[in-house]
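Let me begin by presenting the structure, written as structure tokens, before commenting on it.
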Amino acid sequence: MLEIKNLTATAGGTEILRGITLSVKAGEVHAIMGPNGSGKSTLAQVLAGHPAYEVTGGSVIYQGQDLLEMEPEVRAQAGVFLAFQYPVEIPGVTNAYFLRAAYNAKRTAAGLEELDPMDFLDLLEEKLKLVEWGPEIMSRAVNAGFSGGEKKRNEILQMAVLEPSLAILDETDSGLDIDALKIVAEGVNSLRRADSATIVVTHYQRLLNHIVPDFVHVLAGGRIVKSGGKELALELEARGYEWLTEVEGAVA
Amino acid sequence: MTATRTPVAPSPRPTEPGWVAELRREGAAQFEGLRLPTTRDEDWRFTDLSPISKAALGPARVPGALHDADIAPFLFGHAEWPRLVFANGRYQPSLSKLTGLPAGARVGPLAELLADAPGLIEGTLGKLAVQPAASAIVGQNASAFVDGYAVVLPAGATVDTPIHVLFVADSRAPGGAVHPRNVVILGANAVASVVESFVTLAEGVALTNTVTEASLAAGARFDHCKIQRESAQAFHLATLEVRQERDSYLNSFSFAQGAALSRTNIYTTLAGPGAHATLYGLYLAEGRQHVDHQTRIEHAAPDCTSWEVYKGILDGHGHGVFNGKVYVQPEAQKTDGKQTNKNLLLSETAKVDTKPQLEIFADDVKCTHGATVGSLDALPLFYCRSRGIPEAEARTLLTYAFAADVLEEIRSRPVVDYLEGLMREWLLTAGKRGRGPARKEAS
Ligand SMILES: Nc1ncnc2c1ncn2[C@@H]1O[C@H](COP(=O)(O)OP(=O)(O)O)[C@@H](O)[C@H]1O
Ligand SMILES: [Mg+2]
């Protein structure tokens with residue numbers, strides 16, 4: 001599904017990713033943990049094609065294609081979805097319009113007919129249940145004036161509509177109370193398919209009780225410094241990151 | 001001086017009362033004496049009117065007969081709306097419709113009112129639009145106007161639907177200067193809504209110089225929406241001058257999309273306590289269009305509020321100008337005023353000169369103003385693309401979103417829908433002409 005090899009990237013001239021190698025297969029859930037500023041969001045944004053980051057080396061192959069050569073919208077149409085750590089507000093564009101535009105862009109790219117507004121509303125009704133929301137949310141502008149929790153939930157709603165093959169969740173759990181966390185986790189779990197994969201970026205073990213990872217990676221200083229199974233998350237919870245980052249510091 | 005002088009010989013109508021003839025004489029003298037403003041005038045620094053002088057336009061000729069089909073493309077809203085149609089300044093009774101108006105209302109062509117009941121408008125016509133900034137232009141209008149619309153409502157009268165006034169410039173009849181003159185007088189607590197559309201039937205160099213004076217008695221409400229979509233060769237000058245008594249409300253909207261060169265002046269004086277004015281506008285320019293708005297809100301009484309939002313979208317070599325003046329007189333304590341002008345540049349070559357201007361002579365007031373000029377934000381653009389929306393579509397969507405909220409301030413939903421449609425059309429054609437390469441911006 002996704003093969004990242006030796007990926008390096010800079011932002012504003014500073015090297016942030018310093019050689020990331022990661023392989024994700026269909027059906028798997030990978031968790032990426034690590035201290036603040038270690039490059040987790042940068043990795044997520046680079047995979048989504050954010051123009052502020054410059055890839056300086058390495059390769060990313062997604063479903064046999066060179067992901068780095070694809071425009072951000074083409075990546076999305078091909079099934080890559082990033083749930084932003086800080087979802088963006090778009091005043092003046094309703095959630096309904098935005099979601100339908102995104103959904104139809106994907107259909108058009110796949111050579112399918114666009115869905116008309118009425119049929120789309122039917123589809124939305126189903127998806128809204130997943131995040132336990134009423135239809136009122138659809139007439140509000142995208143994320144404008146949303147609380148932190150509402151923004152995260154809206155990301156999951158978008159994900160539910162777009163049904164990605166590769167979902168990258170960047171700290172979707174931060175700022176959520178336990179009920180909202182459960183809604184988000186259940187949403188993500190119900191969207192998992194045998195032919196899809198999930199990368200969960202998180203700070204806390206908490207989310208991983210609900211979305212159980214197959215692999216856990218620790219990112220520090222722009223590198224993956226340790227990988228393991230789900231027990232690694234528990235160990236990190238107990239011991240913190242210092243024991244790993246000290247090793248990293250010694251090497252650097 | 002200018003060749004526009006030629007058509008200025010006052011043209012009194014035999015049926016007009018003496019005070020109108022006098023207004024025409026004064027207007028002609030003002031225009032002769034002051035000439036068209038130049039960029040040396042502070043109020044006209046960014047707008048050069050010399051192309052209008054050079055065009056040396058004579059009075060627009062009487063157009064050939066117009067038919068329903070000619071104006072059909074410019075109609076919107078509901079068929080029941082009262083409608084007045086003018087072609088090259090001449091009233092077109094066969095295309096107009098003045099039904100559904102309340103008892104005692106006088107709504108119709110100004111010339112008719114001047115012949116029948118001039119006393120109704122003597123206190124307003126030529127009495128409000130006397131500001132020096134526009135006086136040469138207003139003077140020229142006074143000396144040369146043929147007709148325009150009049151809306152006179154007695155106290156308490158309400159016109160539920162917008163009155164649509166369609167000014168058609170028909171360039172198939174050569175000539176081209178038209179000077180519509182309009183009067184609105186609302187009695188106490190009267191309510192009226194006027195939509196003025198300025199359109200062109202055939203391409204050609206033409207000048208519209210329109211002046212509207214509106215007087216709002218205590219508690220009156222006036223919705224004024226001006227839609228300017230004249231042809232790309234047209235020159236357009238417009239002045240709205242309003243006087244508001246106690247607790248009256250003016251809601252003004254200026255939509256400007258057409259003309260090579262346009263200048264719209266929206267002026268109001270809050271003369272009675274508790275009066276409220278909201279001034280909104282949206283201007284779109286592309287190619288080499290020049291679009292200028294000047295607003296002036298004069299707070300002359302205590303406890304008045306004014307709220308203003310103007311937005312501009314400039315593409316190609318388009319040039320937008322905005323100057324918003326707010327004056328707060330010493331007696332206007334407890335004034336609450338907010339003014340915003342936001343501009344979106346879609347090309348490297350588009351430009352904007354914006355100048356909000358506050359002059360406050362009272363001490364207990366709350367006034368703010370702000371102006372921005374920028375291109376589309378990189379982050380929302382990336383967010384849309386990350387959801388699969390292609391870049392060009394995302395740009396159109398975000399550009400639309402930038403401006404759409406201000407249109408919502410128009411009270412009549414059909415007018416909002418119509419203008420949204422015009423804006424979408426504009427964005428699509430602007431998109432097709434190409435916007436140049438996407439700018440890579442760091443977030
Ligand atoms: N657009 C950017 N421009 C400059 N520096 C950036 C940018 N984005 C991230 N950084 C820097 O890169 C480092 C990693 O950031 P980030 O990927 O957000 O970390 P994490 O998500 O692991 O907390 C930080 O030092 C941050 O300041
Ligand atoms: Mg982060």
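Worth pointing out:
- Comparing chain B with the 2.2 N^0.38 Å rule of thumb, its C-alpha radius of gyration ratio is 0.95 (two decimals).
- In plain terms, the chain from B:Glu80 to B:Thr38 could stretch by 10.7 nm, reckoned as 0.36 nm per residue minus the Cα-Cα distance.
- Largest-first principal axis extents of the Cα set of segment B:234-281 (Å): 40, 14, 7
- Segment A:15-105: trypsin sites (Lys or Arg not before Pro) in DSSP coil with no more than 16 other Cβ atoms inside 10 Å: A:Lys25
- Projecting the Cα positions of B:His179, B:Pro162, B:Ala105 onto the charge dipole of segment B:18-272 (unit charges on Cβ atoms of Lys, Arg, Asp and Glu, taken about the Cα centre) puts B:His179 furthest along the positive direction.
- Within chain A, longest stretch clear of exposed GluC sites (Glu not before Pro) (DSSP loop, no more than 15 other Cβ within 10 Å): A:133-252
- Approximate spin-label separation A:Asn209-B:Gln357, in nm, with each point projected 7 Å along Cα-to-Cβ: 6.5 nm
- Computed over the alpha carbons of segment B:321-375, Rg followed by Dmax gives 14.2, 45 Å.
- For B:Ser262, B:Ser193, B:Ser94, order by how many other beta-carbon atoms lie within 10 Å, fewest first: B:Ser94, B:Ser193, B:Ser262
- Listed by Cβ neighbour count within 10 Å, with the fewest neighbours leading, A:Met159, A:Met118 appear as A:Met118, A:Met159.
- B:Arg45 versus B:Arg172: modelled label distance in nm, points set 7 Å from Cα along the beta carbon direction: 4.5 nm
- With a simple spin-label model that places each label point 7 Å from the Cα along the Cα-to-Cβ direction, the separation between B:Ala103 and B:Thr15 comes to 2.7 nm.
- Span per principal axis, largest first, for the Cα atoms of the protein assembly as shown (Å): 99, 48, 46
- Relative to the longest principal axis of the Cα atoms of chain A, the long axis of helix A:117-130 lies at roughly 50 degrees.
- For segment B:18-272, alpha-carbon Rg relative to the globular expectation (2.2 N^0.38 Å, N residues): 0.95
- Segment B:318-370: chymotrypsin sites (Phe, Trp or Tyr not before Pro) in DSSP loop, at most 13 other beta carbons within 10 Å: B:Phe361
- C-alpha long axis of helix B:413-433 to longest principal axis of chain B, angle in °: 50 degrees
- Shown here for segment B:350-422: GluC sites (Glu not before Pro) in loop regions (DSSP other than H, G, I, E, B) with at most 14 other Cβ atoms within 10 Å, namely B:Glu408.
- Alpha-carbon radius of gyration plus Dmax, which is the widest Cα pair, for chain A in Å: 18.1, 60
- A:Lys106, B:Lys355, B:Lys54 arranged by Cβ crowding within 10 Å, fewest neighbours leading: B:Lys54, B:Lys355, A:Lys106
- In Hz, Karplus ³J(HN,Hα) per residue of segment B:288-302 (6.51, -1.76, 1.60; θ = phi - 60°; x = Gly, Pro): 10, 5, 10, 10, 10, 10, 10, 10, 9, 10, 9, 7, 10, 9, x
- At R0 = 22 Å, FRET efficiency that the Cβ-Cβ distance of B:Asp68 and B:Asp160 yields, to 0.05: 0.35
- Using R0 = 25 Å, the C-beta based FRET efficiency linking A:Leu234 and A:Lys129 works out to 0.15.
- Estimated from the Cβ-Cβ distance and a Förster radius of 41 angstrom, the FRET efficiency linking B:His369 and B:Arg424 is about 0.85.
- Fluctuation leader among A:Val212, A:Val201, A:Val88 - chain A, Gaussian network, Cα springs under 10 angstrom: A:Val88
Any read-out appearing in this document is the output of simple, stated calculations on the displayed coordinates, not a laboratory observation. Since this is a predicted model, take the numbers as computed values, not measurements. Positions of Cβ are generated from backbone atoms using ideal geometry, with glycine treated the same way; all protein chains shown enter the neighbour counts.
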